Amino acid sequence: MRLSRASSRYAKAILSLAIDENKEAAVNEDMKSILVTVSKNKELSNFLSNPLVKADQKRNALHQVFKDAGDVTRKIFDLLVTNKRTDILLDVATSYIVLFEEMNKREIATVITAVEITADLEEKVLAKAKELAGKEVTLEKVINPAILGGFILRVGDREINASVSNKLGELKRTFASN
């Protein structure tokens, strides 16, 4: 996952502000909500990235969609709108979550599956992720039907790709080379 330096700088500033106000956990929950909402809603993502949409419309939309967000998060919306950087909101949220987890000595492991995973499988994946990370891990679940089946597990800079689409790709390359 490559995040921009700008999103990292914004995330560090947000974390610093949240720590000053003793609201870092609440802001983390807001960032998780932003991550889920914006990544699942292509129209919202396109709206925030569209340079033709007026700043006030973006500000109002963000305050409306995330009406339960705290003041720190609302300040970030205003700052991103003012600086014409609403296009990086998703990256800022992701960067914040990573920084928050690192601060709490935890690492984020991402498991990508074609369908929702069962509680039993989630437990096994979490155990493997903890083994790979060597510390506490928070599991982030992503559903991507394009992998067809199996799973992809990312922990830090390591990846286990046990997806059906990857296996098909390997088989295709083997046939192509023969």
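The values are calculated or read from the model by the stated rules, or taken from the named source; none is laboratory data. Being a predicted model, the structure only gives us computed values, none of them experimental. Cβ sites come from the backbone with ideal geometry, for glycine too, and all protein chains shown count toward neighbours. Remember, those area values only see protein heavy atoms, side chains included, never the ligands or the DNA or RNA. Shrake-Rupley method; radii C 1.70, N 1.55, O 1.52, S 1.80 Å.
Based on this model, can you work out whether T138 counts as in contact with a strand residue (DSSP E or B) (Cβ under 6 Å, 6 or more places away or on another chain), of a type in the set (S, T, Y) and within 26 Å of I19 (Cβ to Cβ)? Answer is yes for this residue. Taking the range 76-96 as the range and being crowded, with 22+ Cβ neighbours inside 10 Å and of a type in the set (V, I, T) as the test, the residues that pass are I76, V81, T86, V92, T94.
Somewhere in the range 155-163, is a residue of a type in the set (K, R) and either in a helix (DSSP H, G or I) or under 21 Å from M31 (Cβ atoms) (or both)? Within the range 155-163, none of the residues are of a type in the set (K, R) and either in a helix (DSSP H, G or I) or under 21 Å from M31 (Cβ atoms) (or both). As for the range 107-114, it holds no residue that is modelled with pLDDT under 85, part of a strand (DSSP E or B), polar (S, T, N, Q) and farther than 18 Å from T37 by Cα. On the stretch given as the range 39-60, residues that are closer than 20 Å to T94 by Cα and of a type in the set (A, V, I, L, M) total 2. Taken over the range 21-45, the residue count meeting the criterion of being surrounded by 15 or more Cβ atoms within 10 Å (Cβ to Cβ) and not in a helix (DSSP H, G or I) is 1.
Residues in the range 47-69 that are surrounded by 11 or more Cβ atoms within 10 Å (Cβ to Cβ) and part of a helix (DSSP H, G or I): F47, L48, S49, A55, Q57, K58, R59, N60, A61, L62, H63, V65. Being of a type outside the set (F, W, Y), open to solvent by 70 Å² or more (accessible area, probe 1.4 Å) and touching a Pro at 6+ places or on another chain (Cβ under 8 Å) is a condition met by at least one residue of the range 100-117.
Selection of the range 3-12 for residues being open to solvent by 60 Å² or more (accessible area, probe 1.4 Å) and at pLDDT 90 or above yields R9, K12.
Pairs linking a residue in the range 119-148 that is closer than 21 Å to K32 by Cα to a residue that is small (G, A, S) and surrounded by 12 or more Cβ atoms within 10 Å (Cβ to Cβ), with Cβ atoms under 6 Å and 6 or more positions apart or on different chains, are A129/A109; V137/A109; V137/A129; L139/A109.
For T82, the test of being of a type in the set (S, T, N, Q), modelled with pLDDT under 90 and out of contact with any Lys or Arg (no Cβ under 8 Å at 6 or more places or on another chain) is failed. For the condition farther than 26 Å from F100 by Cβ and within 22 Å of the chain's Cα centre (by Cα), G150 qualifies. Only a single item in (1) touching a strand residue (DSSP E or B) at 6+ places or on another chain (Cβ under 7 Å); (2) over 21 Å from K40 (Cβ atoms); (3) in contact (Cβ under 8 Å) with a residue 12 or more places away in the chain is not met by E159, and it is number (3).
Of all residues in the range 146-178, those satisfying the criterion of being surrounded by 10 or more Cβ atoms within 10 Å (Cβ to Cβ) and hydrophobic (A, V, I, L, M, F, W, C) are I147, L148, F151, I152, L153, V155, I160, A162, V164, L168, L171.
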